[in-house]
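The values are calculated or read from the model by the stated rules, or taken from the named source; none is laboratory data. Quick caveat, the model's predicted, so the values are computed rather than measured. Please note: Cβ atoms are built from the backbone with ideal geometry, for glycine as well, and neighbour counts cover all protein chains shown. Surface accessibility is based on the protein's heavy atoms, side chains included, excluding ligands, DNA and RNA. Shrake-Rupley method; radii C 1.70, N 1.55, O 1.52, S 1.80 Å.
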Amino acid sequence: WGTNSRLDNLQAAILNVKFRTFGEDLARRRALAALYDRGLHDVGELLLPPAPGADADHFDVFQNYEIEADRRDDLKRHLEERGVRSIIQFGGKAVHQYPGLGLTGYRLPRTELLYRRALLLPMNTSMTDEDVQYVVECIRSFYGRGR
């Protein structure tokens, strides 16, 4: 596989503007992740990413807020019915599961389990604290954990 990662002039110009607010954007993403963590940490059917600041050796920018969820597809439908969009990354398939890549004959049970459970929750800097609280409440209600 090869990669051409060169930016064209338009992409470079946009990135140049985005760099002006990078620090604020990063801080907001970490604040949103902390809200998700506080609201969902006690829901046993979920596996959350490490909270911001939980590990001094690792620093997450929270480009995504990816959880592992029991009954992931049902949860996704539940959220959608309440106006909350979420993403199943790569269509729920790991690289070795795409026939066109010719990686046949591989069985990776742990990886395959992860891809059956992984769900990306809404995460962008325009979200309000109330938006995140709404998502949290929807998830908690799905698992019978209303507040």
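Considering the dipole of the chain built from charges on the beta carbon (Lys and Arg +1, Asp and Glu -1) around the Cα centre, which of 146, 3, 48 is farthest to its positive end?
Going by the charge dipole, the pick is 3.
When the helices in the chain are scored as -39500 (n - 2.57) per DSSP H run of 4 or longer and the sum is shared across all residues, what 222 nm value do you end up with, to the nearest 500 deg cm²/dmol?
-13000 deg cm²/dmol
Among the chymotrypsin sites (Phe, Trp or Tyr not before Pro) in the range 1-31, which ones are in a DSSP loop with at most 11 other Cβ atoms within 10 Å of the Cβ? Mind listing them?
Listed in order of number, the matching sites are 1.
Work through the residues other than residue 85 whose Cβ is under 13 Å from its Cβ and net out their charges, Lys, Arg +1 and Asp, Glu -1.
That sum, taken over residues with Cβ under 13 Å, equals 0.
Over the chain, average the accessible area per residue using a 1.4 Å probe and give it in Å², no decimals.
In whole numbers, the chain has 67 Å² accessible per residue.
(1) 28; (2) 45; (3) 34: which one is percent of Cα pairs over 24 Å apart as calculated from this entry?
Checking each listed value against the structure points to (2).
I want to check the label-to-label distance for residue 54 and residue 18. Put each point 7 Å from Cα in the C-beta direction and report it in nm to one decimal.
Computed distance between label sites residue 54 and residue 18 equals 2.6 nm.
What trypsin sites (Lys or Arg not before Pro) in the range 1-47 are in a loop by DSSP, with at most 12 other Cβ atoms within 10 Å of the Cβ?
6
Roughly how much of residue 103 is accessible, in Å² to the nearest 10, using a 1.4 Å probe?
About 60 Å², ignoring ligands and nucleic acids.
Find, among the chymotrypsin sites (Phe, Trp or Tyr not before Pro) in the range 60-147, those assigned to loop by DSSP (not H, G, I, E, B) with at most 16 other beta-carbon atoms within 10 angstrom.
106
Could you please state how large a percent of the accessible area of the chain is carbon and sulfur, counting protein chains only and using a 1.4 Å probe?
53 percent
Work out the FRET efficiency for residue 30 and residue 107 from their Cβ-Cβ distance, taking R0 = 41 Å, and round it to the nearest 0.05.
0.65
How would 86, 141, 126 rank on accessible area, largest to smallest, probe 1.4 Å?
Highest to lowest solvent-accessible surface, that is 126, 141, 86.
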